[in-house]
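Working notes for the structure below.
The values are calculated or read from the model by the stated rules, or taken from the named source; none is laboratory data. Predicted model, so just to flag it, every value in this text is computed and none were measured. Surface accessibility is based on the protein's heavy atoms, side chains included, excluding ligands, DNA and RNA. Shrake-Rupley method; radii C 1.70, N 1.55, O 1.52, S 1.80 Å.
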Amino acid sequence: MDEIKQRLHDTSEQCYKCYEAWLGNKKDAAVRENLRESVHELRKVASRLEIELAVSENSQGGQSKIAIPPHRDAKNRSNNNNDSAGNKAEENPTKKAPPKKGKLSVKKEDDS
């Protein structure tokens, strides 16, 4: 963990310096790019820290079950086990679909 501590300290200090330089000259492309790079490095250190934290929690037995999302919960599903049950256009395939709305064509009768 000492490596992470040192990296966190160094990268946050570097990021702060780049931020200060950017505040002084926001139009300078090189200064802006340095700030972007330092922020990226800070994110990498933060990610490493999150991984170490998760490993620490798992090793201490703090591992708990992750709740099943409601849309995947088998108890909340209908009795039909078909996953595409909600995607059916019609429940009764023998029913005829209603006519489409639109212009009606009217036939003219010939008076002659």
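Below, the figures for the structure above:
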{"read-out": "Unique residue being open to solvent by 80 Å² or more (accessible area, probe 1.4 Å) and modelled with pLDDT of 85 or more when the list is Glu50, Glu41, Glu91, Glu57", "value": "Glu50"}
{"read-out": "Sole exception among (1) open to solvent by 50 Å² or more (accessible area, probe 1.4 Å); (2) closer than 26 Å to Val55 by Cα for Gly24, by number", "value": "(2)"}
